[in-house]
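> Below is a structure I'd like to ask you about.
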Amino acid sequence: MSASPALSALRRATAADHSALEDEAAIERRLADPAARAQMVLAFHRFHFGVEAAAHPLVASLAGAFKPLARSEGVARDLADLGVVAPTPAAPPPVATPGAALGWVYVAEGSMLGGRIIRRRLAAAGCDLAGLSFLDPHGDQTGDRWRAFQTLLEQACADGAASVEQIVAGGLQGFAYARATLAPLSQRAAA
């Protein structure tokens, strides 16, 4: 499947934010470090809980085969495996339109693609994978989910339920939220 205009615009508009998130959050390094893992998993819990609260209801209202799935419950189980109780995170910023919500979900769905890679690399490096099942919650179905999401993006634009501009704005907001929740405060202050 070739990238739709909305997906292409999202990728272009959020490329710098995606790179900044990778640099600031140091996700793989923090998950590999037993002393830092629980804090990183807590950060992922905050992120997914926020996306679910802010964006999932709007995306679920769109017609299409793709339906967003909650990941925060799985992250909470991983936290329990690490001996940490998942707190109820603060409410995320509001998401105004279904198009913006699609941008937020783009960030979360994309994190599953990256999560599979990170989990594979940690396993190859001999790291203990306790508390990391959330990185690959859909296993071999991850690619199918990603393609279904791309189809929903195209369909929402074609139906007039969302505009490329709304989706891009939501993607930028979603990456800002990801950076605010996943990157350590010291890294965010330095940026």
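The values are calculated or read from the model by the stated rules, or taken from the named source; none is laboratory data. Note that the structure is predicted; figures quoted are calculated from it, not measured. Heads up, the Cβs are rebuilt from the backbone with ideal geometry, glycines too, and the neighbour counts pull from every protein chain shown.
> Output the residues belonging to segment 100-134 that are within 19 Å of Asp17 (Cα to Cα), at pLDDT 95 or above and among the small types (Gly, Ala, Ser).
Selection gives Ala100, Ala101, Gly103, Ala108.
> Going by the structure shown, is Leu42 over 10 Å from Ala178 (Cβ atoms), within 15 Å of the chain's Cα centre (by Cα) and part of a helix (DSSP H, G or I)?
Numbers: over 10 Å from Ala178 (Cβ atoms): yes; within 15 Å of the chain's Cα centre (by Cα): yes; part of a helix (DSSP H, G or I): yes.
For Leu42, the condition - over 10 Å from Ala178 (Cβ atoms), within 15 Å of the chain's Cα centre (by Cα) and part of a helix (DSSP H, G or I) - is met.
> Could you go through segment 62-72 and let me know if any residue there is in contact (Cβ under 8 Å) with a residue 60 or more places away in the chain, polar (S, T, N, Q) and buried (at least 16 other Cβ atoms within 10 Å of the Cβ).
No, the conditions are met nowhere in segment 62-72.
> Still on this structure, I have one more. Kindly establish whether Val95 is β-branched (Val, Ile, Thr), assigned to a loop (DSSP other than H, G, I, E, B) and under 17 Å from Leu172 (Cα atoms).
Working: β-branched (Val, Ile, Thr): yes; assigned to a loop (DSSP other than H, G, I, E, B): yes; under 17 Å from Leu172 (Cα atoms): yes.
For Val95, the condition - β-branched (Val, Ile, Thr), assigned to a loop (DSSP other than H, G, I, E, B) and under 17 Å from Leu172 (Cα atoms) - is met.
> Given the structure, is Phe44 aromatic (Phe, Trp, Tyr) and either surrounded by fewer than 17 Cβ atoms within 10 Å (Cβ to Cβ) or within 15 Å of Gly131 (Cα to Cα) (or both)? Full working, then the answer.
On the way: aromatic (Phe, Trp, Tyr): yes; either surrounded by fewer than 17 Cβ atoms within 10 Å (Cβ to Cβ) or within 15 Å of Gly131 (Cα to Cα) (or both): yes.
So Phe44 passes the test.
> Pull up segment 108-132, narrow it to residues that are of a type in the set (Gly, Ala, Ser) and assigned to a loop (DSSP other than H, G, I, E, B), then point me to the one that is surrounded by the fewest Cβ atoms within 10 Å (Cβ to Cβ). Even if it seems obvious, please write down each step before you answer.
Step one: list which residues in segment 108-132 are of a type in the set (Gly, Ala, Ser), which gives 108, 110-111, 114-115, 123-126, 130-131.
If we keep only those that are assigned to a loop (DSSP other than H, G, I, E, B) as well, we get 125-126, 130-131.
Numbers: Ala125: 9, Gly126: 7, Ala130: 12, Gly131: 22.
Applying the filter and picking the extreme gives Gly126.
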